[in-house]
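Comments concern the structure below.
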Amino acid sequence: MSDPATETATDTALDPAVARRLKRTTDGLVPAVVQQHDTGEVLMLGWMDDEALHRTLTTGRGTYWSRSRQEYWVKGETSGHTQRVVEVRLDCDGDTILLKVDQRGPACHTGADTCFDADVLLARVVDA
């Protein structure tokens with residue numbers, strides 16, 4: 001298994017032009033916001049290194065780096081709740097990836113449709 005902290009753009013098959021644009025955390029990762037392509041609902045947040053992004057782009061399946069298990073994982077590989085990748089975008093700074101997917105089944109490991117279903121934090125609304 002690869003260690004994202006030691007992986008460089010030359011260690012992966014990711015297009016070097018894309019790899020140069022990425023701004024990674026100190027452990028070599030970029031946050032990936034995952035959104036349902038047709039509704040715009042935010043499903044989850046995952047972490048990617050260059051290899052996870054390369055695998056996602058070449059397989060069309062959401063592939064992430066597990067910070068807790070220190071290994072790659074493909075969404076739905078064990079649960080059957082798969083993500084077919086429809087579109088991948090980088091934000092203007094290159095420090096966040098947006099994946100638009102067709103999610104089949106719940107996106108959250110808890111069984112919820114989205115990882116953002118459980119807690120709504122109330123913010124005070126201030127007039128501008």
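Brief remarks on what is shown
- The condition (being at pLDDT below 95 and surrounded by 14 or more Cβ atoms within 10 Å (Cβ to Cβ)) is satisfied by just one residue among 7, 41: 7.
- Among the residues making up the stretch 45-62, those that are open to solvent by 10 Å² or more (accessible area, probe 1.4 Å) and under 22 Å from residue 111 (Cα atoms) are 45, 47, 61.
- Within the stretch 49-73, no residue that is more than 18 Å from residue 15 (Cα to Cα) and modelled with pLDDT under 95 sits with its Cβ atom under 7 Å from a residue that is basic (Lys, Arg) and surrounded by 18 or more Cβ atoms within 10 Å (Cβ to Cβ) at 6+ positions apart or across chains.
- Qualifying positions in the stretch 16-38 - of a type outside the set (Val, Ile, Thr) and either crowded, with 16+ Cβ neighbours inside 10 Å or closer than 23 Å to residue 116 by Cα (or both): 19, 22, 24, 28, 29, 31, 32, 35, 36, 37, 38
- Some residue of the stretch 92-107 being within 15 Å of the chain's Cα centre (by Cα), without any contact (Cβ under 8 Å) to a residue 12 or more places away in the chain and surrounded by 11 or more Cβ atoms within 10 Å (Cβ to Cβ): no
The values are calculated or read from the model by the stated rules, or taken from the named source; none is laboratory data. Note that this is a predicted model, so its numbers are computed, not measured. For neighbour counting, all protein chains shown are included, and Cβ atoms are generated from backbone atoms with ideal geometry for every residue, glycine included. To get the accessible areas, we keep the full protein, side chains included, count just its heavy atoms, and leave off ligands, DNA and RNA. Shrake-Rupley method; radii C 1.70, N 1.55, O 1.52, S 1.80 Å.
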